[in-house]
Amino acid sequence: AHRDSRYVGIDCYTQSKPRAAELLANARTNLRRFGRKARLHVATSQKILGPARRRTVFDIAYIDGDHSGLGAALDLCLAWPLVKPAGIGAFDDWTHPRFKGLRRTVGPLLGELSHDVLVSNEQLWVRKVA
């Protein structure tokens, strides 16, 4: 709601996802009311976040795309440098039994980054320490 706030969403909405077209249409409908404050990229995080490094910073990076360990680790590596000091990194489905690779891969990687754990349950929320 803040006048300077912006939303950037990134999802490839691949057809391998069940109901991909429906999910994309729903996302666009939900974001339409925010007008130019919300931007939805239909692409991979690598395509969007790599070039963004020179000009973008985020207060929150919510990672809920590729649920594989490697995919989430790559998203973390791309997003974390763009998160402001004291900003938030969050992972969905942290304890989901189908996505054990998420914890096995991202957990040790987070151990190399300065952060404080804010929430650890179905989701993991961490604050970046400068």
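The values are calculated or read from the model by the stated rules, or taken from the named source; none is laboratory data. Because the structure is predicted, anything quoted here is derived from the model rather than measured. Glycine also receives a Cβ, built like all others from the backbone with ideal geometry; neighbour counts cover every protein chain displayed. Side chains are part of the model used for accessible areas, which takes the heavy atoms of the whole protein and leaves out ligands, DNA and RNA. Shrake-Rupley method; radii C 1.70, N 1.55, O 1.52, S 1.80 Å.
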(request) Select from region 27-130 those chymotrypsin sites (Phe, Trp or Tyr not before Pro) which occupy a DSSP coil region and have at most 13 other Cβ atoms within 10 Å, ordered by residue number. (result) Phe34
(request) Read through the labelled values (1) 52; (2) 57; (3) 63 and report the label of the one computed as percent of Cα pairs over 18 Å apart from the structure. (result) (2)
(message) Starting from the 7 Å offset along Cα-to-Cβ, what nm value, one decimal, do you get for the label separation of Glu22 and Ser68?
(response) 2.6
(request) Could you look at the chain and say what percent of its accessible area is carbon and sulfur, using a 1.4 Å probe and all protein chains? (result) 53
(message) For Lys37, give me every one of the lysines with a C-alpha distance below 30 angstrom, ignoring sequence neighbours fewer than eight places off in its own chain.
(response) Lys17, Lys47, Lys84, Lys128
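Taking only protein heavy atoms and a 1.4 Å probe, what accessible area per residue, in Å², does region 1-89 have with all protein chains in place?
Ligands and nucleic acids excluded, the result is 67 Å² per residue.
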(message) With an 8 Å Cα cut-off and a minimum separation of 6 or more residues, compute the relative contact order for region 1-61 in percent.
(response) 43
(request) Determine the percent antiparallel among the DSSP beta bridges restricted to the chain, to the nearest 5. (result) 45
